[in-house]
Amino acid sequence: MKLKYYEVDEKELLQEAKKGKRIAIKLPNGLSCYACKILSFLKNNGIDAIFLAESCYGACDFIFYDDIDRIICIGEAEMPYLCYKPPVSFIEAKYDFDVKFIEEALPFIEGRKVGIASITPFIHKIEECKKFIEEKGYKAFIGDKSRRTAYNGQILGCDISSATSIANNVDSFLFIGDGFFHPLALYIAVRKPVIVANPIEKKIYSKEIEEMAEKMIKKRYAHIAKATECEKFGIIVTKKIGQRRLQLANRLKKMLERHQKEAFLIFMNDINEAINYFDFDCYVSTACPRVAIDDADRYEKLILTPIEIEILLGERKWENYEFDQIL
Ligand code: SF4
């Protein structure tokens with residue numbers, strides 16, 4: 001089945017859907033416009049499914065459900081360490097492409113040792129990309145998967161460990177994928193040149209990543225500086241099983257209180273504009289690390305990452321700024 005640019009294996013979809021009696025499908029934003037198409041396909045094959053029209057930012061974005069006995073999540077790869085209730089079948093949506101287009105990235109690569117990273121719709125091609133680069137005379141490395149990732153070389157917006165594990169062995173990184181969400185995190189985590197080869201656009205981006213990341217870091221420093229005036233902190237904790245960091249939230253609460261700040265936990269699954277109306281001066285998100293970074297402009301109130309709170313309180317030096325990750 002073709003969904004946008006991506007191919008979904010119909011046989012696998014049916015096989016997984018037949019494993020439950022009360023099935024629901026869950027789709028990331030980019031694929032939710034195909035909900036009816038998928039439900040009709042299942043219906044025509046004797047399976048009456050429900051559309052779980054909730055946020056689906058990743059395999060992390062699940063809570064526990066009572067009235068469903070299996071969820072079919074299309075377009076994400078599983079987070080192997082999580083225990084989903086009910087069980088979730090992850091059906092990936094793959095983008096097929098000819099790896100030869102990455103030849104155009106080669107002039108931008110610094111050094112001869114290259115780390116390769118990618119994301120789910122393209123990760124099935126990572127070994128082929130490695131082979132291609134090696135044929136061009138480079139030494140290519142793919143880092144091992146983590147407990148949160150399904151494949152070697154796969155990175156998430158909150159888990160770059162596959163790349164950081166090989167960062168000392170390489171001069172630069174080649175990211176195979178679309179968008180700047182992942183390569184930005186990659187650059188901030190490894191501080192080495194990151195070249196993006198976008199298989200959908202067949203375009204290469206080089207210096208853009210560094211420029212965007214430096215701009216973003218400056219913005220983060222400005223937010224931290226502004227937060228020095230804040231006294232009342234709300235620490236946001238989510239129930240989403242792959243984003244829940246309650247221990248960290250409690251540690252941050254104690255840390256803030258040690259520094260004579262008022263701090264309270266807020267349980268909130270989907271962080272949204274409601275935080276503008278609560279009477280806190282500043283928030284810290286222990287949920288998805290990207291909320292504070294990528295969605296900051298949506299909020300009138302400041303929202304920091306746990307690492308930024310440490311900097312704010314002088315528990316960590318400014319020069320040791322790190323990208324918040326869930327590892
Ligand atoms: S926590 Fe955020 S960045 Fe990490 S996988 Fe989930 S949605 Fe993506």
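If I filter the range 210-222 for residues that are touching a His at 6+ places or on another chain (Cβ under 8 Å), assigned to a helix (DSSP H, G or I) and within 16 Å of the ligand (Cβ to nearest atom), do I get at least one hit? Checking the range 210-222: not a single residue is touching a His at 6+ places or on another chain (Cβ under 8 Å), assigned to a helix (DSSP H, G or I) and within 16 Å of the ligand (Cβ to nearest atom). Scanning the range 58-84 for residues that are among the aromatic types (Phe, Trp, Tyr) and more than 23 Å from ASP9 (Cβ to Cβ) gives PHE64, TYR65, TYR81.
For first residues located in the range 239-263 and away from the ligand (no atom under 15 Å from the Cβ), partners that are open to solvent by 70 Å² or more (accessible area, probe 1.4 Å) and not in a strand (DSSP E or B) and lie 6+ apart or on another chain with Cβ distances below 8 Å form the pairs MET255/GLU315; LYS261/GLU231; GLU262/GLU231; ALA263/GLU257. Would you confirm whether any residue within the range 198-208 is more than 30 Å from ASP96 (Cβ to Cβ) and in a helix (DSSP H, G or I)? Looking through the range 198-208, none of the residues is more than 30 Å from ASP96 (Cβ to Cβ) and in a helix (DSSP H, G or I). Of all the listed residues (ALA197, ALA189), the sole one being open to solvent by 10 Å² or more (accessible area, probe 1.4 Å), in contact with a helix residue (DSSP H, G or I) (Cβ under 7 Å, 6 or more places away or on another chain), among the aliphatic types (A, V, I, L, M) and in the same structural domain as LYS113 (by TED's automatic domain parsing) is ALA189. The set of residues in the range 40-64 that are more than 16 Å from the ligand (Cβ to nearest atom) and more than 17 Å from ALA17 (Cα to Cα) comprises ALA53, PHE64. With respect to being closer than 16 Å to PRO107 by Cβ and surrounded by fewer than 15 Cβ atoms within 10 Å (Cβ to Cβ), LYS131 falls outside the description. Sub-7 Å Cβ pairs linking a first residue in the range 157-181 that is within 14 Å of the ligand (Cβ to nearest atom) to a second residue that is open to solvent by 20 Å² or more (accessible area, probe 1.4 Å) and among the hydrophobic types (A, V, I, L, M, F, W, C), at least 6 apart or interchain, are GLY157/PHE181; CYS158/CYS288; ASP159/LEU327; ILE160/ALA189; SER161/LEU327; PHE180/MET212, ordered by first then second residue. Among the residues of the range 230-263, not one is open to solvent by 100 Å² or more (accessible area, probe 1.4 Å), under 21 Å from TYR321 (Cβ atoms) and either under 22 Å from the mean Cα position of the chain (by Cα) or modelled with pLDDT under 95 (or both).
Let me spell it out: the conditions are (1) assigned to a strand (DSSP E or B); (2) buried (at least 16 other Cβ atoms within 10 Å of the Cβ), and GLU7 meets all of them except one. Which number is the exception? Only one criterion in (1) assigned to a strand (DSSP E or B); (2) buried (at least 16 other Cβ atoms within 10 Å of the Cβ) is unmet by GLU7, namely (2). Scanning the range 164-186 for residues that are within 26 Å of ALA292 (Cβ to Cβ), over 14 Å from the mean Cα position of the chain (by Cα) and surrounded by fewer than 21 Cβ atoms within 10 Å (Cβ to Cβ) yields THR164, SER165, ALA167.
Residues in the range 264-277 that are open to solvent by 30 Å² or more (accessible area, probe 1.4 Å) and either within 16 Å of the ligand (Cβ to nearest atom) or in the same structural domain as CYS83 (by TED's automatic domain parsing) (or both): 3 in all. Within the range 132-149, not a single residue is polar (S, T, N, Q), part of a strand (DSSP E or B) and at pLDDT 95 or above.
With the structure loaded, tell me whether ALA296 is hydrophobic (A, V, I, L, M, F, W, C) and within 28 Å of PRO193 (Cα to Cα) or whether it fails that test. Judged against the criteria, ALA296 is a match. Against the criterion of being under 30 Å from PHE41 (Cβ atoms) and at pLDDT 95 or above, ALA77 qualifies.
The values are calculated or read from the model by the stated rules, or taken from the named source; none is laboratory data. Predicted model, so just to flag it, every value in this text is computed and none were measured. Heads up, the Cβs are rebuilt from the backbone with ideal geometry, glycines too, and the neighbour counts pull from every protein chain shown. Accessible surface is based on the protein model in full, side chains and every heavy atom, while ligands, DNA and RNA are left aside. Shrake-Rupley method; radii C 1.70, N 1.55, O 1.52, S 1.80 Å.
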